[in-house]
Structure formats: C-alpha cells, structure tokens
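*Asks:* Please read through the structure below; I'll follow up with questions.
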Amino acid sequence: MINAGEEVVSDVELTSLRQTIDELDEQLVILLARRFQVTEQVGRLKARQRWQAVDPEREARQRHRYLTLAGQHGLDQSLTLRIFRSIIDEVVRNHRAFIGE
C-alpha cells in the first residue's frame, strides 16, 4: 500500500521527469531545425554545382556511423536507423526540389 506521502513524492518525481523530457524534446526540435538549415545549404550548393541529390556512398558511411553511435550510447540500432532514414528521406526530397529532379 502506498501512503499519501509516497504518492506526493511520486507525483513530484513524475512531474520533474516529464519536465526533463519536455526540455530534451525542445532541444531535439532545435537541433533538427538547425540540421535542416544546414542541409538546405547543401541542397543549394548541389543545385549550383549540378550534383546529384543523393550520394549513396555518403549515406552508407552515415548509416555505419549511426549504428556505431547507437551502440555506443545503448540506443536501439533499428530505431536509430528508422529515425535517420526519415530525416534523410526528407533531406533528399528537399535537395531534389532545389535541383529540379
């Protein structure tokens, strides 16, 4: 049985943990926005240079890097790949729009 004091502590702890999650989510969004700003610059450069929107060799290197980072930080590698695949797909769509593919 949980007494009232323990329940209050649990509620405070839960609120604190959720606040931390909210702060981390905000940081993720800020970093993602920043990443897309940089990839927009890459897309414009590719368009000016008439380079392809997709660089399979870079994607393969990045995939390996993501797997390594996920392993180092105890993050599910499959989840990591799905997240980055989604991000990369959006980047490629944007690059293709710049290039006119």
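Values in this text are rule-based calculations from the coordinates and carry no lab data. The structure presented is a predicted model; accordingly, all values stated were derived computationally and were not measured. Backbone-built Cβ (ideal geometry, glycine too); neighbour counts: all protein chains shown.
*Asks:* With the dipole of the chain worked out from charges on the C-beta (+1 for Lys and Arg, -1 for Asp and Glu) around the Cα centre, which of 38, 78, 95 lies farthest toward the positive end?
*Replies:* So the residue we want is 95.
*Asks:* Under the rule a/c < 1.5 gives rounded, and otherwise a/b versus b/c splits prolate from oblate, where does region 51-95 land using the Cα gyration tensor?
*Replies:* Oblate.
*Asks:* Once the principal axes of the Cα atoms of the chain are found, what is the range along each, listed largest first in whole angstroms?
*Replies:* Computed over the Cα atoms, the extents are 68, 24, 17 Å.
*Asks:* Note down the magnitude of the dipole of the chain about its Cα centre, charges +1 on Lys and Arg C-beta and -1 on Asp and Glu C-beta and zero elsewhere, to the nearest 20 debye.
*Replies:* 1180 debye
*Asks:* Given contacts defined as C-alpha pairs under 8 Å and at least six residues apart, what's the relative contact order of the chain, whole-number percent?
*Replies:* Computed value for the chain: 36 percent relative contact order.
*Asks:* Once you list every other residue whose beta carbon is under 15 Å from the beta carbon of residue 33, what net charge do they have if Lys and Arg are +1 and Asp and Glu are -1?
*Replies:* -2
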